[in-house]
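Chemist: The structure that follows is given in the form of structure tokens.
The values are calculated or read from the model by the stated rules, or taken from the named source; none is laboratory data. These numbers were taken from a predicted model, which means no experiment stands behind them. All Cβ positions, even for glycine, are placed from backbone atoms using ideal geometry, and neighbour counts span all protein chains on display.
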Amino acid sequence: MGKMRVGNDEALFLRLPAWCLLSEIKELDMNSLSPRPLELTLEEMVMQVHDLLAGSVDGPTREEIEAVCNVLYASSLLKEEGRVVRARLILAPADAFSSAEESPTGANVVRFERPQPLTSHSIKGLSPAASFFHSALGIWPDRDRGFRIWGIINTGPRWLNLVAGGRKSVGEVMPYPIIHVRDPGWLLFYYGYSLLAEWRGRDFFGPRMDVFQSRLLHERFAGHRLEFVQGLIECCLPGTLSVAVYADVSHLISLQFVKRIINLVRSSGHGGSLVFIPQSQEASGWIDCKFPLASDGEVSRFRKLLHAMIRRLGELCEPGASADEAWQVFRNHSDTQLDRLEESFFELARLLSDMMQVDGALVLDQSLRIIGFGGEIRVDRNVLAVSHAQDLEGRHVTPWNVQSDGTRHRSVYRLCSVEPKMLGFVISQDSHVRMIANVDDAVVFWQHSMI
């Protein structure tokens with residue numbers, strides 16, 4: 001290991017393994033990338049970020065970008081009044097943002113009268129004012145003095161809809177590199193809203209995957225969504241949309257619901273497990289719920305809300321609209337009834353996330369009916385072979401050391417090993433999310449992309 005001093009901060013430089021070069025990520029569909037045995041030094045990574053800013057007037061040098069990376073890594077190891085330092089930094093000049101823009105779809109910019117030096121302690125000091133979830137710090141080099149913090153960019157929280165679920169559009173994409181100081185020793189590199197790579201601990205990783213885009217997840221629930229819509233189409237849904245479109249939109253809305261549950265658990269710092277059992281499978285077969293729920297009342301609320309949302313969507317859409325067109329109406333229409341339904345929908349998601357605070361798994365069936373919570377998985381079987389999927393389709397997998405995982409992960413591995421139709425999500429206390437499933441009689445997990 002080499003060591004370099006940047007200002008008053010020391011940073012360790014490591015030769016880090018990676019899956020892809022950033023220049024390749026820009027040109028390819030990131031969800032289709034398979035791992036490659038490439039190595040990427042920090043210097044090479046800096047070169048890629050430098051290329052993203054090529055053509056900018058008075059843009060940063062590679063040395064200045066390298067210094068930024070190390071300052072941010074050092075700041076991630078600090079604490080502000082006992083709190084972990086979290087921040088987002090946008091590498092863009094101050095004049096890149098119009099003062100006429102406003103959050104939540106634009107950016108409300110607050111410029112400092114005197115730009116501040118970029119140090120780990122200045123990031124620590126400003127992080128409470130530039131809340132990670134609502135704002136970002138704008139940084140740009142000032143002649144030969146290196147990067148300076150020129151202000152705060154209030155973006156609003158809609159960008160979180162990418163991972164947390166939500167109907168509203170995130171607004172215009174910012175065409176600049178954005179670096180997230182997420183947790184101690186954990187930086188995420190974005191270009192706009194596309195995750196390029198992450199630097200975590202001693203390792204450098206290529207882009208993660210959004211498991212909610214996976215074909216497996218769609219196929220596991222497709223039959224239930226279609227059955228749900230077919231039961232409503234004759235009597236309760238407008239004829240503007242076809243059965244297939246209603247089913248597709250129902251699936252997308254359901255994914256938003258599950259995203260919100262998972263993100264709320266991640267934000268709590270507690271962790272938890274969420275498992276989906278086949279509707280023909282009694283929970284008591286493999287899972288002993290400490291708090292099983294009755295089959296009426298609150299457990300049917302999801303289906304009632306989903307019904308109301310797609311019915312209202314059918315009223316708002318033009319006759320014959322495609323699934324993509326209907327989804328855009330759902331996301332962008334300023335309808336007060338949809339707003340109210342979405343609020344109720346996500347309050348239900350909060351209730352389920354609270355249930356996951358209890359030790360044990362939250363158990364749902366594949367129609368998202370609540371079976372119970374505090375579930376203890378009782379599978380008397382050791383699972384020694386688990387694979388880590390490197391692409392969304394699970395075509396490229398690598399062996400995984402099961403012993404490196406905790407009780408939550410290993411219990412869901414065992415559950416999926418005995419029931420091929422089981423599906424589980426495990427959220428670690430450190431905010432990492434895995435989707436676990438049985439694929440061709442083998443247990444496979446996907447690491448979910450996150451912010």
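Chemist: Could you list, in sequence order, the residues of segment 355-385 that are buried (at least 21 other Cβ atoms within 10 Å of the Cβ), β-branched (Val, Ile, Thr) and more than 23 Å from the chain's Cα centre (by Cα)?
Modeler: The answer is 370, 371, 377.
Chemist: Just to be sure, is residue 118 of a type in the set (A, V, I, L, M, F, W, C), farther than 13 Å from residue 181 by Cβ, touching a Lys or Arg at 6+ places or on another chain (Cβ under 9 Å) and not assigned by TED's automatic domain parsing to the domain that holds residue 268?
Modeler: Working: of a type in the set (A, V, I, L, M, F, W, C): yes; farther than 13 Å from residue 181 by Cβ: no; touching a Lys or Arg at 6+ places or on another chain (Cβ under 9 Å): yes; not assigned by TED's automatic domain parsing to the domain that holds residue 268: yes.
No, not satisfied.
Chemist: Sticking with this one: Can we say residue 408 is of a type in the set (Lys, Arg) and either surrounded by fewer than 21 Cβ atoms within 10 Å (Cβ to Cβ) or outside the structural domain of residue 304 (by TED's automatic domain parsing) (or both)? Write out each step before concluding.
Modeler: Working: of a type in the set (Lys, Arg): yes; either surrounded by fewer than 21 Cβ atoms within 10 Å (Cβ to Cβ) or outside the structural domain of residue 304 (by TED's automatic domain parsing) (or both): no.
Taking the combined requirement at face value, the residue does not satisfy it.
Chemist: Right, residue 328: of a type in the set (S, T, N, Q), surrounded by 14 or more Cβ atoms within 10 Å (Cβ to Cβ) and within 27 Å of residue 427 (Cα to Cα) or not? Walk me through it before giving the result.
Modeler: Values: of a type in the set (S, T, N, Q): yes; surrounded by 14 or more Cβ atoms within 10 Å (Cβ to Cβ): yes; within 27 Å of residue 427 (Cα to Cα): no.
No; evaluated as a whole, the condition is false for this residue.
Conditions (1) at pLDDT below 90; (2) surrounded by fewer than 20 Cβ atoms within 10 Å (Cβ to Cβ); (3) more than 21 Å from residue 364 (Cα to Cα), marked per residue:
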position	(1), (2), (3)
205	yes, yes, yes
223	yes, yes, no
242	no, yes, yes
248	no, no, no
252	no, yes, no
268	yes, yes, no
281	yes, yes, no
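Chemist: What are the residues in segment 209-242 that are polar (S, T, N, Q) and either touching a Cys at 6+ places or on another chain (Cβ under 9 Å) or under 16 Å from residue 312 (Cβ atoms) (or both), if any?
Modeler: In the first step, residues of segment 209-242 are kept if they are polar (S, T, N, Q); the result is 213-214, 230, 240, 242.
Hit for segment 209-242 is 240, nothing else.
Chemist: For segment 208-243, which residues satisfy the criterion of being farther than 30 Å from residue 194 by Cα and assigned to a helix (DSSP H, G or I)? Break it down stepwise before answering.
Modeler: Step one: filter segment 208-243 for residues farther than 30 Å from residue 194 by Cα, giving 223-224, 226-243.
Residues satisfying the conditions are 223, 224, 226, 227, 228, 229, 230, 243.
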